[in-house]
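Derivation of every value follows stated rules applied to the coordinates shown; laboratory data play no part. Keep in mind it's a predicted model, so treat the numbers as computed, not measured. All Cβ positions, glycine included, derive from the backbone under ideal geometry; neighbour counts span all protein chains shown.
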Amino acid sequence: MAVTHRGSGAPGDLFGVRCDITDSAAVDAAFGAIEAELGPVEVLVANAGITDDTLLLRMSEEQFTRVVDTNLTGAYRLAKRAAGKMLRAKWGRMIFISSVVGLYGSPGQVNYAASKAGLVGIARSITRELGTRNITANVVAPGYIETDMTAALPEDRKAEYQKLIPAGRFAAAEEVAGVVTWLASDAAGYISGAVIPVDGGMGMGH
């Protein structure tokens, strides 16, 4: 297994490669390092993402393009680099981590919502291009997840958000990981171009 990791190192005994996905040369170098160590990438999980929130009329073009370049164009760079070896192997899994915001919209997040919505188009186009070669491309759209960021929210704000969720709680990260693991398996080999919400019913399937 190979991971890209923004911290000082990969967790546990995983092989870690740091990669700036806004730089095509860096992406190519990261894949080269992974392939040299472990062989071709068979499962791609495009999970990198940033935010830079502000209302539309205050949002600069740089704020918009920086978020889109990381979240959407970065996913394109990864998918393009992974696709060649997957085609040769006649097997592959691409899983793009979107967000409930990409399907639902959110004030102050025009850039983020656009970047996450665009992942649906990428996955569905890849499905049509590469589906006959046993390559699937799907989107997972998480809602609110228990993270350090949500843990820091004031209790009244947390309660307000949880009222929007039929499940009445935030998801554990493991619940998102479980869906991703399943999509990467042979059991999900006939699922492609799908958007799977992991949001406690918040978007009702969108």
*Within the stretch 54-65, identify whether any single residue is under 19 Å from the mean Cα position of the chain (by Cα) and surrounded by 17 or more Cβ atoms within 10 Å (Cβ to Cβ), and answer yes or no.*
yes
*Only listed residue being out of contact with any strand residue (DSSP E or B) (no Cβ under 8 Å at 6 or more places or on another chain) and in contact (Cβ under 8 Å) with a residue 12 or more places away in the chain, chosen from THR132, THR127, THR147*: THR147
*Residues ALA48, ALA89: which one is of a type outside the set (Val, Ile, Thr) and surrounded by 16 or more Cβ atoms within 10 Å (Cβ to Cβ)?*
ALA48
*Kindly indicate whether THR147 is out of contact with any Cys (no Cβ under 8 Å at 6 or more places or on another chain), surrounded by fewer than 20 Cβ atoms within 10 Å (Cβ to Cβ), of a type outside the set (A, V, I, L, M) and over 25 Å from ALA82 (Cα atoms).*
yes
_Wholly enclosed helices (runs of 4 or more DSSP H) of the stretch 145-206 bearing at least 3 residues not hydrophobic (A, V, I, L, M, F, W, C)_ = 155-163, 173-183
*Of all residues in the stretch 109-133 being under 14 Å from LEU72 (Cβ atoms) and of a type in the set (Val, Ile, Thr), which is surrounded by the fewest Cβ atoms within 10 Å (Cβ to Cβ)?*
VAL110
